[in-house]
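Reviewing the structure listed below.
The values are calculated or read from the model by the stated rules, or taken from the named source; none is laboratory data. The structure displayed is predicted, hence computed values, not measured ones. Positions of Cβ are generated from backbone atoms using ideal geometry, with glycine treated the same way; all protein chains shown enter the neighbour counts.
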Amino acid sequence: MKIQQLLEHYGIRVNPFSQEDAQSDHIFQQHCASTIYHPAWDKVLGDCANPSTAVVFGEKGAGKTAIRLQLINAIDAYNQTQPQHRAFVISYDDLNPFLDTFRDRLRGKKRHPDNALQEWRLWDHMDALLTLSTRRLCNVIADEDTSDPDIRLQQLKELPRLRKRDLLMLAAFYDQSSDQSHWRRWKRIKWRLGFFAPGVHWRIIIGVVVTLAALCVVLRDLPQDGLTGLSVLKTPWLYAVIAAGWLPWARRNLSLWWRARRITRQVRILEHSTSTMRQILSRFPDKEVDGQPMPSRDRSDDRYELLAKLQRILKPLGFTSIVVLVDRVDEPHLINGSAQRMKDFLWSMFDNKFLKHPGIGFKMLLPRDVVFYLEREEKEFYERSRLDKQNLIKGLEWTGESLYDMATNRIRACLDENATQQTSIRDLFAEDVTEQKLINKFGKLRVPRHLFRYLYRLMTEHCNNSTEDSPVWKISHETLEMSIESYQRELEAMDRGLGTG
């Protein structure tokens, strides 16, 4: 007997429990994302008009990614109703590009996976967030084929000059593309924004004018003296005058080169060239770039000011707040599911000044593995992080009742359009399997992923015990008991680290 035969008997067109990851679960995304919520949903979401920080710990399969997708949907719905007071979403979940570049730039023993993340600091997180947001804005400007439903190119062109300058500075520090060189892309952004600074080359003009004037003076008698007059080019004072004419240019470029070198060394999640960075900085007027915050030191102060600049750029676009969604921190190659490496990566983020930055709300959906380290921290850590003020949820728990409802809702989402009755998960079982018994069994599975995995296996075992010519439409009590005991032994092995979750 095939599983599809069993499902068609109940009017179910596709298997409701074939997917385990919300990222690729079309049933959840199309039908269940707006109907099935975790009991702690309201605490995690908070007020979209004034986003707050929420720190959630949940075991694998508890629905962290599903909550992230639901948060995106909820914020999109809010943004449509409040076009002038929208929330700008930064999805901080694809960490491999940042961590790979970060590790490549380390030297010696620091490059070992167990040591690399010990070098990760709060300002590296801030650089990553500034990179994600700046790249999104720059893609709208530089890539004609890129469209963003929330940001229009015309809005960026209408920004005040100082906001354009801020955006170009952020682009210099944090924009990067695999399609164009940093320099060519930045020039295109500058041109399309309409940011012009014709006076930036005055030092070159002075150098050229002084050089030409000095040559004209020493070579004024060349027509009468002929080639013998070229001997005056050996005059020392000529080169002294020419050098003096180029001195302002040399001093400025040396200063910019040193500044560019410090920036490229300190922004450790991107690979920028010092010469390119110097070239870009030289295209800003002195009065508009000197004294501006730059990520040139190993500290977070400058990054806070750059975050504030980003917020001032976003406000004229209709974004009055920022929501940062942190997820999938256990998946990067450099972390590879290690709780110790996750702790090294995350702990610098637990800073109350950072998590409570005005206008920014962090939704941190983190693996429960690191709670072990959280419970062993000392008073100083809690005073710095103030987790008691961050809407902390230490366990993303699911009750048997909530898992039962989830299973039923998924079945109903997969029913044929012509189905006349509302099938529930209970209808698939024999009469001696009560609803309360199913609730008790489901409660032992703890999280949706284990529920889906178990129900898929249960239906497979049931169908393997029947033939197509003599189908059995109800799952027996004996099959339920045997399969749940087998699956629970596997869960215990996973908890001891003998399997994967």
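For Arg303, the test of being assigned to a helix (DSSP H, G or I) and in the same structural domain as Phe372 (by TED's automatic domain parsing) is passed. Of all residues in the range 261-273, those satisfying the criterion of being more than 21 Å from Leu95 (Cβ to Cβ), touching a helix residue (DSSP H, G or I) at 6+ places or on another chain (Cβ under 8 Å) and surrounded by fewer than 17 Cβ atoms within 10 Å (Cβ to Cβ) are Arg261, Ser273. Does at least one position in the range 15-32 carry a residue that is in contact (Cβ under 8 Å) with a residue 12 or more places away in the chain, among the aliphatic types (A, V, I, L, M) and in a helix (DSSP H, G or I)? Within the range 15-32, one or more residues are in contact (Cβ under 8 Å) with a residue 12 or more places away in the chain, among the aliphatic types (A, V, I, L, M) and in a helix (DSSP H, G or I).
For the range 384-429, the set of residues classified as assigned to a strand (DSSP E or B) and at pLDDT 90 or above consists of Leu392, Ile393, Phe429, listed by residue number. With the structure loaded, tell me whether Asn79 is in a helix (DSSP H, G or I) and modelled with pLDDT of 85 or more or whether it fails that test. Spelling it out, Asn79 is indeed in a helix (DSSP H, G or I) and modelled with pLDDT of 85 or more. Of the residues making up the range 45-53, not a single one is in contact with a Lys or Arg (Cβ under 6 Å, 6 or more places away or on another chain) and either over 30 Å from Thr399 (Cα atoms) or modelled with pLDDT under 95 (or both).
Of everything in the range 47-66 that's in contact with a strand residue (DSSP E or B) (Cβ under 8 Å, 6 or more places away or on another chain) and part of a loop (DSSP other than H, G, I, E, B), which residue is surrounded by the most Cβ atoms within 10 Å (Cβ to Cβ)? Once the filter is applied, the top-ranked residue is Pro51. The condition (being out of contact with any strand residue (DSSP E or B) (no Cβ under 7 Å at 6 or more places or on another chain), over 16 Å from Val326 (Cα atoms) and surrounded by 14 or more Cβ atoms within 10 Å (Cβ to Cβ)) is satisfied by just one residue among Thr423, Thr434, Thr408: Thr408. Across the range 91-100, a minimum of one residue is classified as out of contact with any strand residue (DSSP E or B) (no Cβ under 6 Å at 6 or more places or on another chain) and within 23 Å of Asn50 (Cα to Cα).
Taken over the range 353-383, the criterion of being in contact with a strand residue (DSSP E or B) (Cβ under 8 Å, 6 or more places away or on another chain) and either in a strand (DSSP E or B) or surrounded by fewer than 16 Cβ atoms within 10 Å (Cβ to Cβ) (or both) is satisfied by Ile360, Gly361, Phe362, Lys363, Met364, Leu365, Leu366, Pro367.
Residues in the range 241-260 that are surrounded by 17 or more Cβ atoms within 10 Å (Cβ to Cβ) and among the small types (Gly, Ala, Ser): Gly245, Ala260. If you go through the range 476-491 and keep only what is over 13 Å from Leu445 (Cβ atoms), of a type outside the set (Val, Ile, Thr) and either outside any helix (DSSP H, G or I) or touching an Asp or Glu at 6+ places or on another chain (Cβ under 7 Å) (or both), you end up with Ser476, His477. Selection of the range 103-114 for residues being in a helix (DSSP H, G or I), closer than 11 Å to Leu334 by Cβ and not charged (D, E, K, R) yields only Pro113. The numbered conditions (1) within 26 Å of Asp21 (Cβ to Cβ); (2) touching a Ser or Thr at 6+ places or on another chain (Cβ under 8 Å) are all true for Arg86 except (1).
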